[in-house]
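Trainee: I'd like to ask you about the structure that follows.
Please treat every number below as a calculation from the coordinates, not as lab data. Computed from a predicted model, the values in this text were never measured in an experiment. Positions of Cβ are backbone-derived with ideal geometry, glycine not excepted, and every protein chain shown enters the neighbour counts.
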Amino acid sequence: MNKEEYVFELDLIKIVKALWNKVVYILIATLIFGCAGFVGSRMLKTPIYQASAKLIVSTQSVGSEDVSNDRVNSAKALVETYAVVIRDRDVINQVIDELGLNESYGQLAGCISVKAISDTQIMQIIVKHPNQGIAFSVAQKLQMIAPDIIKAAVGIGSLSPVGQPYSSPYPVSPNNMTDAIFAALVGFALSCGLVMLLLFLDNTYESDADIQDDLDVLVLGVIPKVECCSTRYGYSYGYGYGYGYGYGYGHPHKSKKQAKEGK
């Protein structure tokens, strides 16, 4: 193992030790951020409810050998056209007027999406709204008026309701636990980053091994930390290292920059 690999390994060990020594503070920060994320998600974000309604798209056979696949493919192509028609301004305004909603076209249209269920002739209308009752009413109304609107506007294929509209009793968003976990991960990353930053900013030598590794010199001796006699500044404590020209008397720690300059 060469010198560069050794220095990298030593630095990695230092980082792991520094993180381990601060593990309690890191866990506390993670817990605080997680709790803050959960509370913030619950208190600051508006709950969104979802209602859905299904319709089946019927098409005429074109006489192909694989009739079922042809109908499914035709239905998928029609769903995109039907989706544009159902979300048209006149249709949405009709829903607003008939339900007596106090919302604009843009507000309600942004809550409505139309899609095809994979590999079927079923079209699904999804309504997401902060008010559970409004979400259900809009989905129900669109399921009722969509067949006649499509017949008059497109004239190709037909729509038939499938079952009754369904409204989720619980909000579909926000996901409080997901927000809490994300916030906890942010807290964990920030606390670990802070510990590593403080470690990298620390430019003092803590042991003779640090001196040998950084300056590549031999340590001649170590002055132990002792209690010195009283001075006009009070009692003093100190220790130092010597390596040829020596340093450290009266200084508990010397910075790496000062050591390399020989001060």
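Trainee: In sequence order, what are the phi-derived ³J(HN,Hα) couplings for segment 165-171 according to the Karplus relation 6.51 cos²θ - 1.76 cosθ + 1.60 with θ = phi - 60°, rounded to whole Hz, with x for glycine and proline?
Mentor: Each residue's phi maps through the Karplus curve to give x, 10, 10, 5, x, 10, x Hz.
Trainee: Could you work out Rg/(2.2 N^0.38 Å) for segment 49-167, with Rg from alpha carbons only? Please list the in-between numbers first.
Mentor: Details: Rg = 14.6 Å, N = 119, 2.2 N^0.38 = 13.5 Å.
Against the empirical 2.2 N^0.38 Å value, I get 1.08 for segment 49-167.
Trainee: Once amide H atoms are built 1.01 Å from N in the peptide plane, which residues 5 or more positions from Ile56, or in another chain, come under 5 Å H to H?
Mentor: HN-HN under 5 Å from Ile56: Met123, Ser160, Val162.
Trainee: If you don't mind, there's one more thing I want to ask. Excluding His129 itself, what net charge comes from residues whose Cβ is under 14 Å from its Cβ, given Lys and Arg +1 and Asp and Glu -1?
Mentor: In short, +1.
Trainee: Let me ask something else about it. Sticking with the crude label model, points 7 Å out along Cα→Cβ, report the distance from Leu185 to Thr120 in nm, one decimal please.
Mentor: Each label point is offset 7 Å from its Cα along the Cβ direction, giving 3.2 nm.
Trainee: Excluding same-chain pairs closer than 8 in sequence, count the lysine pairs in segment 49-167 whose Cα atoms lie under 18 Å apart.
Mentor: Lysine pairs satisfying the spacing and distance rule in segment 49-167 number 11.
Trainee: Taking other Cβ within 10 Å of each residue's Cβ, how do Thr46, Thr178 sort, fewest first?
Mentor: Details: Thr46 8, Thr178 13.
The fewest-first ordering by Cβ neighbours comes to Thr46, Thr178.
Trainee: Right, something else. Most exposed first by the Cβ proxy, i.e. fewest other Cβ within 10 Å, how do Leu185, Leu201, Leu55, Leu78 rank?
Mentor: Details: Leu185 14, Leu201 7, Leu55 25, Leu78 22.
In increasing order of surrounding Cβ atoms, one gets Leu201, Leu185, Leu78, Leu55.
Trainee: In addition: Express in whole angstrom the spacing between the alpha-carbon centres of segment 94-127 and segment 152-194.
Mentor: With segment 94-127 and segment 152-194 each reduced to a Cα centre, they are spaced 16 Å.
Trainee: Which Cα, out of Ala153, Ile117, Gly106, lies furthest along the positive dipole direction of segment 49-167 (beta carbon charges, K/R +1, D/E -1)?
Mentor: Most positive-ward Cα: Gly106.
Trainee: Neighbour counts of other C-beta atoms within 10 Å: give me Cys35, Cys192 arranged from fewest to most.
Mentor: Going from sparsest to densest Cβ surroundings: Cys35, Cys192.
Trainee: Where the convex hull is taken over the Cα atoms of segment 99-197, what is its projected area averaged over directions, in nm²?
Mentor: 10.7 nm²
Trainee: On to the next question. Can you tally the net charge around Ala153? Count Lys and Arg as +1, Asp and Glu as -1, for every other residue whose Cβ sits under 15 Å from the Cβ of Ala153.
Mentor: Every neighbour counted, the sum reads -1.
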